[in-house]
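Encoded as structure tokens, the structure appears first; notes follow it.
The values are calculated or read from the model by the stated rules, or taken from the named source; none is laboratory data. Remember, it's a predicted structure, so these values are computed and weren't measured experimentally. Here Cβ is always computed from backbone atoms with ideal geometry, including for glycine, and neighbour counts include all displayed protein chains.
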């Protein structure tokens, strides 16, 4: 019996250590400033051009469309991998289902890492792409509704900020509609992430009210 208790305690300790490592890795992965790094490949400090933001939209405008799309995908991966892959790695070989609580914790830490990266003195991006990847990993159905909302709002307004805010609002509403029965606390976490996403757009909201926010224009480049 003492041996069984010792084995159980050792297993629990190992699982706890793996979960802590996954949480730390989630923050550090989220903190990788892909927009800044890709901008430097073109000799551009993305923090000193355009809006000064390290996210995909500013990279798209200031560095190039291809670099902007790549930044979007990499930032989204920073959210998806911690939320979907890390919990499965922690439980690899145990036969247990991936922990939803760990998935949500890793998702939140990835978003925190992007928004407040230690390597940039806690001055990061707005977290939309990283949040989207994280939500795809933990609430995929709500993510689908948010993508539709983003596309619709963008087509109507050509404002990325409006589309991102609309997606955050719809994501929260869809989470409360679809995931309350999964875990009563889960929509609450999604709500907090949604509020953070909207709050990070406060400067965009000011520019929208002043009529100075930049639209995305699709012009053909002159030959």
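Can you tell which of 160, 148, 111 is touching a helix residue (DSSP H, G or I) at 6+ places or on another chain (Cβ under 7 Å) and either surrounded by fewer than 17 Cβ atoms within 10 Å (Cβ to Cβ) or within 15 Å of residue 80 (Cα to Cα) (or both)?
Among 160, 148, 111, only 111 is touching a helix residue (DSSP H, G or I) at 6+ places or on another chain (Cβ under 7 Å) and either surrounded by fewer than 17 Cβ atoms within 10 Å (Cβ to Cβ) or within 15 Å of residue 80 (Cα to Cα) (or both).
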| said: For the structure I just gave you, tell me whether residue 194 is modelled with pLDDT under 95 and buried (at least 22 other Cβ atoms within 10 Å of the Cβ). | reply: no
| task | Keeping to segment 19-36, report how many residues are over 20 Å from residue 131 (Cα atoms) and either modelled with pLDDT of 90 or more or surrounded by fewer than 18 Cβ atoms within 10 Å (Cβ to Cβ) (or both). | result | 2
| query | Of 125, 50, which residue is more than 16 Å from the chain's Cα centre (by Cα) and assigned to a loop (DSSP other than H, G, I, E, B)? | reply | 50
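I'm trying to understand the selection: among the residues of segment 200-215, which are surrounded by 13 or more Cβ atoms within 10 Å (Cβ to Cβ) and either in contact with a helix residue (DSSP H, G or I) (Cβ under 6 Å, 6 or more places away or on another chain) or not in a loop (DSSP other than H, G, I, E, B) (or both)?
Of all residues in segment 200-215, those surrounded by 13 or more Cβ atoms within 10 Å (Cβ to Cβ) come to 200-201, 203-205, 207-208, 213-214.
Passing the criteria: 201, 203, 204, 205, 207, 208, 213.
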| query | Taking into account only those residues within segment 65-95 that are in contact with a helix residue (DSSP H, G or I) (Cβ under 9 Å, 6 or more places away or on another chain) and outside any helix (DSSP H, G or I), which is surrounded by the most Cβ atoms within 10 Å (Cβ to Cβ)? | reply | 91
